[in-house]
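All remarks here apply to the structure that follows.
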Amino acid sequence: QVPLVESGGGLVQAGQSLTLACKVSRRSHNIRASTMAWYRRIAGGQRDLVARVDIGGNTDYADSVKGRFTVSRNNAENMVYLQMNTLEPGDTGVYYCNAFPPVRPFWGPGTLVTVTE
């Protein structure tokens, strides 16, 4: 069973919004005890941290997305979300969900976000 599955990516125009979802297999990991995070890989580069939410609901964001993205969690459903508003072409990339710090076996396939001018 895949530990984490991301969804919600797509092709949008600049200024539009998307909401990403991450379903975590409870058999693999119960997120209640973990800080969870979203990462992204842009243009074949490394995976960079985009946003994280700790077990108390406190959040932290990369400077490039502050004020535009909102990370949240639903412990009862073992889900993590990323609301992305006012998307920019520079946000184009593959988005991944994982714990923070990341756990290697938990990397899922990611979900592709493409933002056009």
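The values are calculated or read from the model by the stated rules, or taken from the named source; none is laboratory data. Bear in mind that the values here come from a model prediction, so they are computed numbers and not experimental data. Only protein heavy atoms, including side chains, enter the accessible area calculation; ligands, DNA and RNA are left aside. Shrake-Rupley method; radii C 1.70, N 1.55, O 1.52, S 1.80 Å.
Structure notes:
- Part-to-part distance (alpha-carbon centres) for segment 35-51 and segment 91-109, which is given in Å: 6 Å
- Accessible area of the chain belonging to carbon and sulfur atoms, whole % at 1.4 Å probe: 50 percent
- Mean accessible surface per residue for the chain, computed with a 1.4 Å probe while every protein chain stays in place, in Å²: 51 Å²
- Distance histogram for segment 1-55 (every C-alpha pair counted, 10 angstrom bins, percent rounded to whole numbers): 18, 46, 30, 6
- Values of log10 I(q)/I(0), in the order q = 0.27 Å⁻¹, for segment 66-117 under a Debye, Cα-only, solvent-free model: -1.20
- Per-selection Kirkwood Rh - the chain (Cα, Å, 1 d.p.): 14.0 Å
- Between Arg32 and Thr116, residue separation times 0.36 nm minus the direct Cα-Cα distance comes to 26.6 nm.
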